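Each remark here refers to the structure printed beneath this line.
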Amino acid sequence: MEYHSERPLTGSVPAHQHDFDVTPNDRMFVRNNLLTPVVDIDKHRLTITGLVDKELSWSVYELPKAFASVTVQGMLECADRRRPSDYERHHHVRKDDHVPKRDDGQGFVDFHSVP
């Protein structure tokens, strides 16, 4: 893993080092636009409100009991990885300068729902 910044945490592994069907956790890209929040797992709740018939809320411990486990394979890609305007904004280059295309920021993952 090559880390690009600590705060916010960002990092990736170049695409040519992805030689597996499912990206291992330690090789999955990390993109955060804001600082990583500190979550108290004993107090945190997932709540669904708004345009629903009934408000729903679960603790972290209630989620595995409320839903069946499901695994789906998919591909994740950072939406910003090839946008020159983003590179220009963060690296302070002029629009006529060469903006490199990145070959990182993607991964094939197994999404596991709560067990």
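The values are calculated or read from the model by the stated rules, or taken from the named source; none is laboratory data. These figures come from a predicted structure and were not determined experimentally. Positions of Cβ are backbone-derived with ideal geometry, glycine not excepted, and every protein chain shown enters the neighbour counts.
Tabulated values for the structure
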| read-out | value |
| --- | --- |
| Hey, residue 95 exposed (fewer than 13 other Cβ atoms within 10 Å of the Cβ) and at pLDDT 75 or above or not | no |
| Of all residues making up the stretch 22-65, the number that are more than 29 Å from residue 11 (Cβ to Cβ) and in contact (Cβ under 8 Å) with a residue 40 or more places away in the chain | 1 |
| Only listed residue being touching a helix residue (DSSP H, G or I) at 6+ places or on another chain (Cβ under 6 Å) and either closer than 16 Å to residue 112 by Cα or of a type outside the set (Ser, Thr, Tyr) (or both), chosen from 52, 13, 72 | 13 |
